[in-house]
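All of the numbers you see were taken from the coordinates with simple rules; none came from a lab. Since the structure is predicted, the reported quantities are computational estimates derived from the model, not experimental observations. FYI the Cβ positions are ideal-geometry reconstructions off the backbone, even for glycines, and counts take in every protein chain you see.
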Amino acid sequence: MAIPLLFLIADTGGGHRAGATAVARRIERDSPGTFDVHIVDPVASGSPALLGRTADLYGPLIQHARWLWAAMYHATNSRAAIRMLRGSALRPVRDAVAQLLTCLRPAAVVSFHPLLNHLAAQAVHTGAFPRVPVITVITDLVDVHAGWACRDVDAVVIPSPGGLDRCRRAGIPAHRCHQLGLPVGSAFARPLPTDQERRELRHRLGLADDRFTVLVCSGADGSGGLDRRAQAIAAARLDVGMAVICGRNARARRRLEGLRDRAGRSIPVHGFVDDMADWMRAADLVVTKAGPGTIVESLCSGLPMLLTWYIPGQERGNLEWLVDTGAGRYVPGVGQLVDAVDELSAPRSPGLAAMRSAVAAVARPEATERIAALISGMAGGRT
């Protein structure tokens, strides 16, 4: 009989579920049939209506009221705030987690969301299965919210040196901290394509085989004025190919229907896609937001980044870290963006060469494999 594992997420943004799914698939790949992974959102099933609406409003808030999301983030970013939430709004979620433990009897509980780590540890240690290991997998890259730093878990998977510093200052013992990186889907962790493979990808995706290609995207929600930036690049005097992935932003996709460059060439525009790894592997440069998932996916795909915006709170540190490494640049203005694309798309661009070297230095395509091995080992699956 397969060993049950409980993965806890909350659907505020796509990164938590994507990370959990990537690790679950890697566990199954490495240990076929050994584990039965249950990915559950206890916030949706056990939270009061207000908390559920907060999760549902994540996309609209970061699109239209970033200041409000930033205020909510900072208001909850302390130990005191986490304690208050645990005793009030999050109490039904803790009860939902306790019910899951009783029902599934998992060999390990893994949290992929900052509001669930303390609840998971409390439910395990005060319930009928106190020896079940509780593991946190942090899915923010640099700015680690106070909710992530739970001293009662058995292991914390940390994506960056900045995250490690925050967890150590929060009192988590060094032997429980594992700086392994951020999980990504297996399609992003493959070896980089050869020139021939990239040409074949471009042909299949409807892109020009031999032109410098810019991919414009902005996370699963397609937020941050993606359509305006795509239109600016298309209208500029640039000799580049281009594709736009709008995610769930149907309005942006409608606005970009029929988009063409100055030479009259059609530009592919899509909504949410399941083959994002192929689009990244076909491109030379990505224009995007400072979301942790998109950053690590781009790094694993060998793509330098032009970051156009970030969510206040959890994403500012991502931007600063990426710029410091040299793998990305911050170009908030449309004029800055077009100028950067012009520079980097020039033949034998020294700026592009330097960014590509920086990308290769910081990419961690092995992260998901190492995280999966840690979890399966702590759950008793290591032979």
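Obtain the nm distance between the two label points defined at Arg211 and Glu343 by a simple spin-label model: each point lies 7 Å from its Cα along the Cα-to-C-beta direction.
It is 2.3 nm.
Tell me, what is the FRET efficiency for Arg91 and Asp275 to the nearest 0.05, using R0 = 35 angstrom and their Cβ-Cβ distance as r?
E between Arg91 and Asp275, to the nearest 0.05, is 0.30.
Let me have the 222 nm mean residue ellipticity of the chain computed from DSSP H runs of 4+ only, each contributing -39500 (n - 2.57), with the sum over all residues rounded to the nearest 500.
-13500 deg cm²/dmol
What dipole magnitude, in Debye to the nearest 20, does the range 195-362 give about its Cα centre under +1 on Lys/Arg Cβ and -1 on Asp/Glu Cβ?
The dipole magnitude comes to about 520 debye.
Towards the positive end of the charge dipole of the chain, with charges on Cβ (+1 Lys, Arg; -1 Asp, Glu), say which of Ser78, Phe7, Gly264 has the farthest Cα.
Result: Ser78, furthest along the dipole toward the positive end.
What is the set of long-range amide H partners of Gly271 at a cut-off below 5 Å, with H atoms built 1.01 Å from backbone N?
Cys246
Return the whole-Å distance between the Cα centroid of the range 1-44 and the Cα centroid of the range 96-172.
Measuring centre to centre over Cα atoms gives 14 Å.
What spacing in nm lies between the two simple spin-label points modelled at Met72 and Asp30, each 7 Å away from Cα in the Cβ direction?
3.4 nm
Under a Cβ-only charge scheme (Lys and Arg +1, Asp and Glu -1), can you give me the dipole magnitude of the chain about the Cα centre, in debye to the nearest 20?
So the dipole magnitude of the chain works out to roughly 600 debye.
Between Phe7 and residues 5 or more places away or on another chain, which pairs have amide H atoms under 5 Å apart, with H built 1.01 Å from N, and which residues are they?
Residues meeting the criterion, in which the H sits 1.01 Å from N, are His38, Ile39, Val40, Val110.
Residue by residue through the range 292-303, which ³J(HN,Hα) values in whole Hz follow from phi under the Karplus form 6.51 cos²θ - 1.76 cosθ + 1.60 (θ = phi - 60°), with glycine and proline marked x?
So the Karplus estimates, Gly and Pro as x, are x, x, 4, 4, 6, 5, 5, 4, 5, 8, x, 9 Hz.
Antiparallel DSSP bridges in the range 161-316: what percent, to the nearest 5?
10 percent
Starting from the Cα of Leu192, step 7 Å toward the Cβ, then list every residue of the range 203-220 with an amide N under 15 Å from that point.
Flagged as within label range: 213.
Determine ³J(HN,Hα), in whole Hz, for all residues of the range 84-92 in sequence, where each value follows from phi through the Karplus function 6.51 cos²θ - 1.76 cosθ + 1.60 and θ = phi - 60°; x replaces Gly and Pro.
Coupling constants for the range 84-92: 5, 5, 4, x, 10, 4, 8, 4, x Hz.
What does DSSP give for the chain in terms of the percent of beta bridges that are antiparallel, rounded to the nearest 5?
5 percent
Could you pull out every residue, at least 5 positions away or on a different chain, whose amide H is within less than 5 Å of the one on Asp221? Hs are placed 1.01 Å off N in the peptide plane, and Pro or chain starts have none.
Sorted by chain and number, the residues that satisfy this are Arg248.
For the charge dipole of the chain, defined by +1 on Lys and Arg C-beta atoms and -1 on Asp and Glu C-beta atoms about the Cα centroid, which residue among Gln336, Thr102, Asn318 has the Cα displaced farthest towards the positive pole?
The listed residue farthest towards the positive side: Thr102.
Can you compute 3J(HN,Hα) from phi for each residue in the range 275-281, using the Karplus curve 6.51 cos²θ - 1.76 cosθ + 1.60 with θ = phi - 60°, rounded to whole Hz and x for Gly and Pro?
Result, ordered by residue: 10, 4, 4, 5, 4, 5, 5 Hz.
Identify, among Val43, Thr308, Ala24, the residue whose Cα sits farthest towards the positive end of the charge dipole of the chain, taking +1 on the Cβ of Lys and Arg and -1 on the Cβ of Asp and Glu, with the dipole about the Cα centre.
Ranked along the dipole, the leading option is Val43.
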